[in-house]
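All remarks here apply to the structure that follows.
The values are calculated or read from the model by the stated rules, or taken from the named source; none is laboratory data. Remember, predicted model here, so these are calculated numbers, not experimental data. Here Cβ is always computed from backbone atoms with ideal geometry, including for glycine, and neighbour counts include all displayed protein chains. Note: areas computed on protein heavy atoms with side chains; ligands, DNA, RNA excluded. Shrake-Rupley method; radii C 1.70, N 1.55, O 1.52, S 1.80 Å.
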Amino acid sequence: MTTTKGIILVLKNYKGMKIVGMIPARLGSTRVKNKNLRKINKKPLIQYIIDSSLKSEYLDEIYINSEAPIFKEIADKNNIQFYLRDVFLATDTATNDDFALDFINNIECDILVQLLPTSPFLSAEEIDRFIGKMIEEKYDTMVSVSDVRIETIYKNQPINFDQKKKTPPSQLLEPVKAY
């Protein structure tokens, strides 16, 4: 994470850049039906990331990127933009890269920040530290990850533990970076 000092330096240097927040919201999730509209504490899941993004100091514009008109209503209600993506970009076969590239090709911006509705606890401060770090370090691309301390197996091989030894407490495991 960047320090407050780093963010202050960035605030002097990011002027003139157009920074856009994009909230991808597909209606047709197959694993959890209507997940972005599911209510948590009487509020749709997507509303949490909208609220945080609206408090960001860096974001010049915020878009919901979706194939579904219901999300345009939510965008309008929150005074943010709506980008209607092609229906094929909302299928299970479309990748994040596919709909992000489509968005970038159609919406002018210097920096695109993707904000996931499935991260309802992400704060405006975290969004701003992320953007500040990206600008300060002059990264072309930056992806957030989190340290997960859990026994992890990849392709049937343990990554951060030995199956033949006593399992250590989770806080002693080598963290795995979760995308």
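Tabulated data
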| read-out | value |
| --- | --- |
| The range 108-175-the range 41-60 distance, computed between alpha-carbon centres (Å) | 20 Å |
| Computed E for Glu126/Lys166 - FRET, C-beta separation, R0 35 angstrom, nearest 0.05 | 0.45 |
| Among beta bridges that DSSP assigns inside the range 31-179, antiparallel share in %, nearest 5 | 65 percent |
| Reachable lysines, given that their alpha-carbon falls under 24 Å from the alpha-carbon of Lys166 and they are not under 8 places away in the same chain | Lys155, Lys177 |
| Cross-link partners of Lys18 among lysines (Cα-Cα below 20 Å; sequence separation of 8 or more within a chain) | Lys55, Lys133, Lys138 |
| The chain, accessible area per residue, ligands and nucleic acids excluded (1.4 Å, Å²) | 66 Å² |
| Stretchable slack from Met142 to Ile159, in nm (0.36 nm times residue separation minus alpha-carbon distance) | 3.7 nm |
| Amide H partners (placed H, <5 Å) of Asn65, local residues excluded | Ile23, Ala25, Tyr83 |
